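Here the structure comes first, spelled out in structure tokens, and everything after it is commentary.
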Amino acid sequence: MDDMEKWPEIEKAATEKRRELVLQGAVVDQRISSNGGLTSVIYSLQLLNYLEVSQCPNLTEIHEDIQNLTSLQSLILCRNKLASFPNTIGSLKSLKVLDLSVNNLKALPEEITQLKELNSLNVSCNNLEVLPDGLSQCTKLCTINLSKNRITGFPPDLYSERLDLLSTVVASDNLIGELSGDICKLSALKVLDISNNKLSEIPSDLSDCPKLKEINFKGNKLTDKRLEKMVNGCQTKSILDYLRGKGRGRHVEDGGDGDAGRNADKKKRQQRKKKGKVNEEQEELEEVNKMVVRVLHISDAPTALTIKVSAEVKDVRPYLVCCMVKGMNLKSGNALKRFLMAQTKLHDDLCGKRTIATIATHDAQLLKGPLVYDVKPPTQLKIVPLGRREMTAVELIRQLHLEADELRKQKKRQNVTGLHKYLQLLQGKPLYPCLVDAEGHVISFPPITNSEKTKIKKTTTELFLEVTSATSLQICKDIMDALIVKMAELNKFTAEHQEEAVSDGEADGSGPEPAASSDTSSQLIIQQVRTMDQDGNLKVVYPSKTDLSKEINNLTVIW
């Protein structure tokens, strides 16, 4: 058994009989490298119900003694270099959450199917080609994320009526060539994402999923070109209605109810006479052209905001991408709520729960430029966190730890929600990153919080967006691309539904506001923002011609 002094976190967990242990980052990775792997002591902590070991490229394997941690309910092993996983995982009978994302796994042990309590499985960003048979035995599964692998198809066992709690299946960016009509057996399915795969057909039986609310089949070359255009531009309901119609037609061809088929044909002829159906189809196809993003060049905006990046951020959180957005309608109905929910989803998915990158949004009219992206010691970094009074980073972190402990006691569980989930991301860092305005106010403290001073509201008409990362500049750009596309989709949705505007006062119950204007344009204007080093040399400008360039059929970018 190696020296416990090298692993103070493990020693503390053992002596205090803790139920939660988080090991992550460069310091832990160095220990793993010098030790030849994780210390064996970790497998003796049998009280643990939450274990996370992440962001450790030198972690290539987990010992079979993982089977000793029989109390584990959450096992998070993301962003390492695991090439395999021991089949003794089947002994973790209490496991509810398993996250093996962003590793080098080529296969999963079949023993995963023995995890009867499992409700969340994330194996995204690996090299998997197949899933193990028998997942229907995991009858409490609610969420499966298989995105960014090499999977060619789902095992038949996944289309099982026994998986009556499975509500989310994300399998984007794979090599899936066929989706079985048995998908309709998943009675709880709400979200299905099979974008960027090799599908040529979408089964009409999909329309029989009773709770399906969100589907994504973009990036598949479908043989039905009308359906392909609808997939790239229409709402889920329109696509399901179309598939339902195709299903009825196939039923007649296969020897179904002839009278029903003739009645359907008669009704269709009547609709064609009125040209109602034709007009509806044209409107569906024209929806593709409604998502427009116009880029405003810096040369066209001499007063454009600039950001200076200090040299010290290099060793803390070096990558930053920013831009300004005009034309985002946050006033109408639930538009602001939808936008905040979309940002949270991006944080959980693409941003890897903020371990990969962090998004921050600000009311641009409340900013005092130029801005400086800098680092400060925790005792000197002062911010007014969202919904709180001004405090130092030390005080905020301490307060969040206290709240997390209190939450654990109240909820009688080890996992916490909200900002408390991200405290470990700054553990052991002597300097914290921050974005500072011209008056010296910290407006952003990634990856923890923004400032209340620049908080967006329903009345916000111009947004300043920032994405920071310790991983790479391209990740920042990719996530900013995804955020802008999502904003365009939300703006289009708001414009189409023409919800009435609601003021902050009305939301608080203090009074109504006049109805929204008739302007329902959904066009976004993205103003470029420069990021420069301390000597004034250009580091990055976003968006550039290489950004927002992925094939998104329902998005038009005007330069």
Conditions (1) of a type outside the set (Ser, Thr, Tyr); (2) open to solvent by 70 Å² or more (accessible area, probe 1.4 Å); (3) modelled with pLDDT under 75; number of the one not met by residue 399: (3)
Selection count, segment 22-67, where residues are free of Cβ contacts under 8 Å to residues at least 40 places away in the same chain and open to solvent by less than 10 Å² (accessible area, probe 1.4 Å): 11
Near pairs, Cβ below 8 angstrom, 6+ apart or cross-chain, from segment 443-454 (of a type in the set (D, E, K, R)) to any residue that is open to solvent by less than 10 Å² (accessible area, probe 1.4 Å): 452/385; 453/443
Segment 117-154, residues that are charged (D, E, K, R) and either within 21 Å of residue 95 (Cβ to Cβ) or modelled with pLDDT under 90 (or both): 117, 133, 140
Residue identified as among the β-branched types (Val, Ile, Thr) and either more than 17 Å from residue 131 (Cβ to Cβ) or assigned to a loop (DSSP other than H, G, I, E, B) (or both) among 183, 176: 176
Residues of segment 68-84 classified as assigned to a loop (DSSP other than H, G, I, E, B), open to solvent by 20 Å² or more (accessible area, probe 1.4 Å) and free of Cβ contacts under 8 Å to residues at least 60 places away in the same chain, total: 5
Condition met for residue 409 (farther than 20 Å from residue 315 by Cβ, assigned to a helix (DSSP H, G or I), at pLDDT below 85 and within 23 Å of the chain's Cα centre (by Cα)): no
Cβ pairs under 9 Å, 6+ apart, first in segment 479-505 and modelled with pLDDT of 85 or more, second of a type in the set (S, T, N, Q) and in a helix (DSSP H, G or I): 483/343; 486/343
Some residue of segment 24-40 being among the polar types (S, T, N, Q), part of a helix (DSSP H, G or I) and under 22 Å from residue 118 (Cβ atoms): no
Any hit, segment 131-148, residues being open to solvent by 50 Å² or more (accessible area, probe 1.4 Å) and more than 22 Å from residue 182 (Cα to Cα): yes
Within segment 324-365, tally of residues that are under 28 Å from residue 306 (Cα atoms), free of Cβ contacts under 8 Å to residues at least 40 places away in the same chain and either open to solvent by 20 Å² or more (accessible area, probe 1.4 Å) or of a type in the set (A, V, I, L, M, F, W, C) (or both): 2
Test: residue in segment 175-197 that is at pLDDT below 90, surrounded by 14 or more Cβ atoms within 10 Å (Cβ to Cβ) and within 24 Å of residue 491 (Cα to Cα): yes
Scan of segment 454-471 for residues that are of a type outside the set (Val, Ile, Thr), at pLDDT 90 or above and buried (at least 19 other Cβ atoms within 10 Å of the Cβ), ordered by number: 458, 463, 464, 465, 466
Tally, over segment 345-375, of residues that are farther than 22 Å from residue 461 by Cβ and at pLDDT 90 or above: 5
Some residue of segment 1-12 being open to solvent by 10 Å² or more (accessible area, probe 1.4 Å) and aromatic (Phe, Trp, Tyr): no
Which numbered condition residue 218 misses (of (1) within 25 Å of residue 127 (Cα to Cα); (2) touching a helix residue (DSSP H, G or I) at 6+ places or on another chain (Cβ under 6 Å); (3) touching a residue at least 40 places away in the same chain (Cβ under 8 Å); (4) buried (at least 20 other Cβ atoms within 10 Å of the Cβ)): (4)
Residue list for segment 376-394, restricted to those being within 27 Å of the chain's Cα centre (by Cα) and either open to solvent by 20 Å² or more (accessible area, probe 1.4 Å) or more than 26 Å from residue 529 (Cβ to Cβ) (or both): 384, 386, 387, 388
Residues being assigned to a loop (DSSP other than H, G, I, E, B), without any contact (Cβ under 8 Å) to a residue 40 or more places away in the chain and surrounded by fewer than 18 Cβ atoms within 10 Å (Cβ to Cβ) - total across segment 85-103: 2
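The values are calculated or read from the model by the stated rules, or taken from the named source; none is laboratory data. Keep in mind it's a predicted model, so treat the numbers as computed, not measured. Positions of Cβ are generated from backbone atoms using ideal geometry, with glycine treated the same way; all protein chains shown enter the neighbour counts. Each accessible area value is taken on the protein alone, full model and side chains, heavy atoms only, with ligands, DNA and RNA left out. Shrake-Rupley method; radii C 1.70, N 1.55, O 1.52, S 1.80 Å.
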